[in-house]
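K.L.:
First the structure, then my questions, so here it is.
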Amino acid sequence: MENQGTRDQWGSRIGFILAAAGSAVGLGNIWKFPYLAGENGGAAFVLLYLACIVILGLPIMIAEIVIGRHTEKDPVGAFRLIGGGRWTIVGYMGVLTGFFIMTYYSVVGGWTLGYIVKSATGAIGSVSGTAMSESIFNAFIQDPHQMILYHFLFMAATVFIVYRGISNGIEKWTKVLMPMLFIILLILIVRSVTLPGAEKGLSFYLYPDFSKINTKVVIEALGQCFFSLSLGMGAMITYGSFLSRREKILSSAIQIVTLDTLAAILAGMAIFPALFAVGMTPEKGPGLTFNVLPVVFSKMPYGSVFATLFFLLLFIAALTSSISLVQVVVTYATDEWKWSHRKAVLTAGTLIFLLGIPAALSFGAMKDVKIFLGNTYFDFMDKLTTIYMLPIGGMLIAICLGWKYGLEKTMHELDPDTKSASLEKIWALTIKFIAPLLLASIVGYFGIYRMIR
Ligand code: PFF
């Protein structure tokens, strides 16, 4: 745990896989993916998404883990070793992205905590319609005290786990939390698909409509796959840096990616059948989760039990992602500045808490404070990181590894898995050419259109 002497390591391969899958499975899977799929062609979108995972997500996932294990360093140290000079900036950008994402991620994490309380105490058990649940939600996110309190509690939970270290904290907790997450998901699916009228939801979600696939949808799927797999900012470099040399990277990466995709697809199967069964229509992101679903739960038997489980699911998903974000910052401070682990965790936690306060107030006291092109602080941080920083980071990671350092020097990292020259060639081709191009297209497309909208 302390930085002197040996570095902490994952105790087992499954520990690493669950921690990395925990980072990947997050708010992006549960509140964004189902909606994107439902709206953009159902099963056709799912197929497109799978293609994005194979073509872009998996190769970059492998690249990040390879860089991490190869260098055994935080992102800044890693890029100093494989790129040197100006390339070190890629590492700094990653650490900064971790900070920025945390500012709003922790706020939403706080909402999930607030909604666990609201569900368990019956405060949202009897909402009669969306108007009522909307007003409960709006009152909640406009209340500065509750927002800051829950943001604080969520940060405290994150810091608590990161504080205990890699094997004693993150690994131990994700080994409990990830199975729990999948069990809750399965319980919710069984409840959802057995409600009368559930088929309509399943067919909305999964009916393949290829006519909905256009350039925007393709780019949307690429961006979603990147965010969902926690790529582009060195989270997987950091986690990979604690991976023992004995472990296989390729097969671990495949398992992480599979778990993430499974969680995303299953989340939709829990949400849409229930939604349609009670005669409601889908809405996007926060609206769907916090305005519409409470109404759905209030209309089913034992709704408050299922509502509590659902928000617990969302909380676990957010928590196991935020610990990876904080770990990036912490590893930077312990590796680069030789800070003690304790000092790094407490300082990072405090700073993120403070930087998150404007995000926590972005729907109430600070809703009229626009940072850039009409965006609140919360929206600005969200767009800045997902549209620009992550894809640009991913692009530079691929270019640095593929062109500056040279993939040959890292191929032995893949050796225990594969001696197949053609697999290695495909990976090299993707890292050098395909991934940078695809990532540039995300920045180009959304950078121009979405920031202004
Ligand atoms: N993968 C997380 C999600 O889908 O919500 C978000 C995330 C976590 C992005 C960690 C980046 C990261 F480093």
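Here, each number is a calculation from the coordinates, and none is a lab measurement. Since the model is a prediction, treat every value here as computed from it, not as a measurement. So basically every Cβ, Gly included, is an ideal-geometry build from the backbone, and we count neighbours across all protein chains shown.
K.L.:
Determine the equivalent ellipsoid of region 125-268 by diagonalising the alpha-carbon gyration tensor, then write out the semi-axes as square roots of 5 times the eigenvalues, largest first, rounded to whole Å.
P.N.:
Semi-axes, largest first: 31, 26, 18 Å.
K.L.:
In region 323-359, what chymotrypsin sites (Phe, Trp or Tyr not before Pro) fall in a loop by DSSP, with at most 16 other Cβ atoms inside 10 Å?
P.N.:
Those satisfying the criteria are W337.
K.L.:
Then there's this: If you rank W427, W31, W403, W111 by fewest surrounding Cβ atoms within 10 Å, what's the result?
P.N.:
W403, W427, W31, W111
K.L.:
Report, to the nearest 10°, how far helix 341-360 tilts away from the longest principal axis of the Cα atoms in the chain, using its own Cα long axis and a range of 0 to 90°.
P.N.:
That helix lies at roughly 40 degrees to the long axis.
K.L.:
Then there is this: Using a 4.7 Å cut-off between beta carbons, which cysteines in the chain end up with no partner cysteine at all?
P.N.:
Taking the Cβ cut-off of 4.7 Å, the unpaired cysteines of the chain are C400.
K.L.:
Considering only C-alpha atoms, what is the centroid distance from region 150-225 to region 67-88, in Å?
P.N.:
One Cα centre to the other: 31 Å.
K.L.:
Can you give me the Kirkwood hydrodynamic radius for region 314-453, using every pair of distinct Cα atoms, in Å to one decimal?
P.N.:
Computed over region 314-453, the radius equals 18.3 Å.
K.L.:
Follow-up question, since we're still on this one. Which value at 222 nm does the chain reach when only helices count, each DSSP H run of 4 or more adding -39,500 (n - 2.57), with the total divided by all residues and rounded to the nearest 500 deg cm²/dmol?
P.N.:
Details: 20 runs with 298 residues, N = 453.
Helix contribution divided over all residues of the chain: -21500 deg cm²/dmol.
K.L.:
Can you pick out the pairs among K73/K175; K248/K409; K32/K383; K73/K343 whose Cα atoms lie more than 20 Å from each other?
P.N.:
Distance filter (> 20 Å) returns K73/K175.
K.L.:
Further question: In region 1-95, what GluC sites (Glu not before Pro) fall in a loop by DSSP, with at most 16 other Cβ atoms inside 10 Å?
P.N.:
Taking region 1-95 and a limit of 16 other Cβ atoms within 10 Å, the loop GluC sites (Glu not before Pro) found are E2.
K.L.:
On average, how much area does the Cα convex hull of region 63-215 cover when viewed from any direction, in nm²? Don't skip to the end; give the middle numbers.
P.N.:
Numbers: hull surface 58.7 nm².
That works out to 14.7 nm², a quarter of the Cα hull's surface.
K.L.:
Something else: Once the Cα atoms of helix 172-193 and of the chain are each reduced to a long axis, what angle between those two axes, in degrees from 0 to 90 to the nearest 10, is obtained?
P.N.:
With both axes taken from Cα atoms, the answer is about 40 degrees.
K.L.:
Full extension from Y207 to V117: what is 0.36 nm times the residue separation minus their Cα-Cα distance, to one decimal in nm?
P.N.:
Length gained between Y207 and V117: 28.9 nm.
K.L.:
Here's something else I'd like to know. Past the 31 angstrom mark, what percentage of all C-alpha to C-alpha distances in the chain do you count?
P.N.:
That tail contains 38 percent of the Cα-Cα pairs.
K.L.:
Are there trypsin sites (Lys or Arg not before Pro) in region 4-84 that DSSP puts in a loop and that have at most 16 other Cβ atoms within 10 Å, and which ones?
P.N.:
Sites meeting the loop and neighbour criteria: R7.
K.L.:
Another question, then. What angle do you read, to the nearest 10 degrees and between 0 and 90, between the alpha-carbon axis of helix 58-71 and the longest principal axis of the chain?
P.N.:
50
K.L.:
Then there's this: Run the quick spin-label model on K409 and I183: label points 7 Å from Cα toward the beta carbon, then report their separation in nm to one decimal.
P.N.:
4.7
K.L.:
Strictly greater than 15 Å: what percent of every Cα pair in region 181-224 meets that?
P.N.:
Result: 63 percent of Cα pairs exceed 15 Å.
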